[in-house]
1. Any residue in the range 27-48 that is farther than 16 Å from residue 59 by Cα sitting within a Cβ distance under 8 Å of a residue that is at pLDDT below 85 and of a type in the set (Phe, Trp, Tyr)? List the pairs, counting only those 6 or more apart or interchain.
2. Quick one: count up the residues across the range 4-58 that are small (Gly, Ala, Ser) and modelled with pLDDT under 85.
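The values are calculated or read from the model by the stated rules, or taken from the named source; none is laboratory data. Predicted, not measured: the structure shown is a model, and the values here were computed from it. For neighbour counting, all protein chains shown are included, and Cβ atoms are generated from backbone atoms with ideal geometry for every residue, glycine included.
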Amino acid sequence: MYTSSVACSRSQYKSGMVTKRHHDEMSMMSADQLEAIDMRLRHITQNVLENFGGLDVIL
């Protein structure tokens, strides 16, 4: 399942509902927004050592 918002929860991740992230219009995203997404995914997955919490990110 893809999710295109940062609003996914830890319970959705743990249930296996979230496996990939899809970002459209990447050129319109600031570095701060990309960093916020990275930090949120690290928090959700509890995987702080890998970029985007170890999830596949499709740009």
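1. Hits for this filter: 44/13; 45/13.
2. Counting residues in the range 4-58 that are small (Gly, Ala, Ser) and modelled with pLDDT under 85 gives 8.
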